Amino acid sequence: MALIALLVAQGLVFLVFIIAAFWWLFALRRFAVSRSGSTLPGLRDTLSAFKDGLSNPRYARLRWAILCSAALLVASAALVPILAPA
């Protein structure tokens, strides 16, 4: 029963990770498109958007959500062999 609860919790944390990651990527794409003025921004605008996404405090909440959920998933993966029935 504990293993099922852990797997459900991992699924929910993974859902948070997916939502935060895609939200961050779409925000970066929106920034690159607005900066370039084109629907298909070039490499320079895309790299500039990623640089901004990694350093700008505006994206700090999304970066923390991605980092914390990834750390939780890695830490909880170590519990699966312990809780799995032999």
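Read-outs throughout are calculated quantities, based only on the coordinates presented, and are distinct from any laboratory measurement. Note that the structure is a prediction, hence the values are computed from the model and not measured. Using ideal geometry, Cβ is built from the backbone for each residue, glycine included, and neighbour counts are taken over all protein chains shown.
Details
- Only helices enter this figure: runs of n ≥ 4 DSSP H residues, each worth -39500 (n - 2.57), summed and divided by the residues of the chain, yield -27500 deg cm²/dmol at 222 nm to the nearest 500.
- Taking the C-alpha atoms only, the angle from helix 60-77 to the longest principal axis of the chain is near 30 degrees.
- Value in Å of the Kirkwood radius, where the chain supplies the Cα pairs that are averaged: 14.8 Å
- Taking 7 Å steps out from each Cα toward its Cβ at THR39 and LEU15 produces label points 3.3 nm apart.
- Summing charges over neighbours of ARG29, with a neighbour being any other residue whose Cβ is under 11 Å away from its Cβ, gives +1 when K and R count +1 and D and E count -1.
- Rel. contact order, % - alpha carbon contacts under 8 angstrom, at least six apart, the chain: 44 percent
- Dmax and Rg, reported as Rg then Dmax, of the range 34-73 (C-alpha, Å): 13.0, 38
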